[in-house]
Every structure is written in C-alpha cells, then in structure tokens.
Amino acid sequence: MISTAMGSHGPRVKYYLKTGPGQSSFSVAVASEPRVLASSMAARDLNRRAPLVIDWVKLNHEALARFWSVGAHWMNDEVQTFIASLRKV
C-alpha cells in the first residue's frame with residue numbers, strides 16, 4: 001500500500017501478505033536507505049519479504065516521496081500513471 005501524507009508519521013509504504021481487514025503487515029520508510037519501521041508479521045514472513053520491499057523502495061524513493069507530498073491532489077488518471085511508472089525489482 002502506498003498513500004499520501006496521513007497521520008503524524010513520515011512517508012512509508014505498507015506491505016500485506018493478504019488483502020482485507022486485520023491482516024498482518026510491515027511498514028518501510030520511504031528513504032534512500034529504507035528500513036522496516038514496524039511489523040505485525042511473523043518473523044519468517046518478514047525476513048522473506050522485507051528485503052524485496054526495501055529494494056523496491058530504494059529504486060522508487062524519490063517518486064514515492066513526491067507522491068506522499070502532493071499525490072492527494074492528483075486525479076485518478078495521474079495516480080494510475082504514477083503507479084505504472086514505478087520501477088520493479
């Protein structure tokens with residue numbers, strides 16, 4: 001999950017194993033050197049998934065930070081274009 005500025009914390013992405021309410025997840029800081037900030041996920045799953053998410057954030061941190069700051073004002077087509085432009089791991 002990527003979002004625009006919300007709450008009192010800084011930019012981050014959140015990774016879920018499954019969709020739906022109450023699912024375990026972890027958050028990674030959007031930064032040039034991202035790190036896991038919080039997790040409710042089992043250590044085994046976190047250890048398997050977090051390195052890939054961290055690599056993805058490294059590749060996209062500038063775009064993700066921009067989206068965090070100004071993306072709330074974008075129209076749906078702009079958001080879809082942004083998502084399509086993110087680099088893959």
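Tell me, what is the FRET efficiency for ASP55 and MET6 to the nearest 0.05, using R0 = 25 angstrom and their Cβ-Cβ distance as r?
0.55
Extension gain VAL70-LYS88, at 0.36 nm per residue separation less the Cα-Cα distance, in nm?
4.3 nm
A value for Cα extents along the principal axes in Å was derived from the coordinates, and within the list (i) 37, 27, 25; (ii) 36, 22, 17; (iii) 41, 32, 16 it appears as (i). Specify the angular offset, from 0 to 90 degrees and rounded to the nearest 10, of the alpha carbon long axis of helix 76-85 from the longest principal axis of the alpha carbons in the chain. In the chain, helix 76-85 runs at an angle near 60 degrees to the longest axis. Taking the chain as a Gaussian network of alpha-carbon nodes connected by springs under 10 Å, the highest mean-square fluctuation of the residues VAL79, VAL36, VAL13 belongs to VAL79. Charged side chains reduced to their Cβ positions (Lys and Arg at +1, Asp and Glu at -1) give the chain a dipole of some 340 debye around its Cα centre. Which shape class, rounded, prolate or oblate, goes with the stretch 1-49 when its Cα gyration tensor gives a ≥ b ≥ c as root eigenvalues, a/c under 1.5 marks rounded, and past that a/b bigger than b/c marks prolate? Here the stretch 1-49 falls in the oblate category. Using Cα atoms only, what is the angle between the long axis of helix 43-70 and the major principal axis of the chain, expressed in degrees (0 to 90) to the nearest 10? On a 0 to 90 degree scale, this one is about 20. Sparse packing (at most 14 other Cβ atoms within 10 Å of the Cβ) combined with a DSSP loop state is found for the following trypsin sites (Lys or Arg not before Pro) in the chain: LYS18, ARG35, ARG87, LYS88.
Only protein atoms count toward the accessible area here, which uses a 1.4 Å probe; on the chain, the carbon and sulfur part of that area reaches 54 percent.
Build a GNM of the chain with springs between Cα atoms under 10 Å apart, and of VAL70, VAL28, VAL53 the one that fluctuates most is VAL70.
The values are calculated or read from the model by the stated rules, or taken from the named source; none is laboratory data. All figures in this text were calculated on a predicted structure; none of them were measured in a lab. A quick note on method: Cβ atoms are made from the backbone with ideal geometry, for glycine too, and the neighbour counts reach across all protein chains shown. When the accessible area is computed, the model is the full protein with side chains, heavy atoms only, and any ligands, DNA or RNA have been set aside. Shrake-Rupley method; radii C 1.70, N 1.55, O 1.52, S 1.80 Å.
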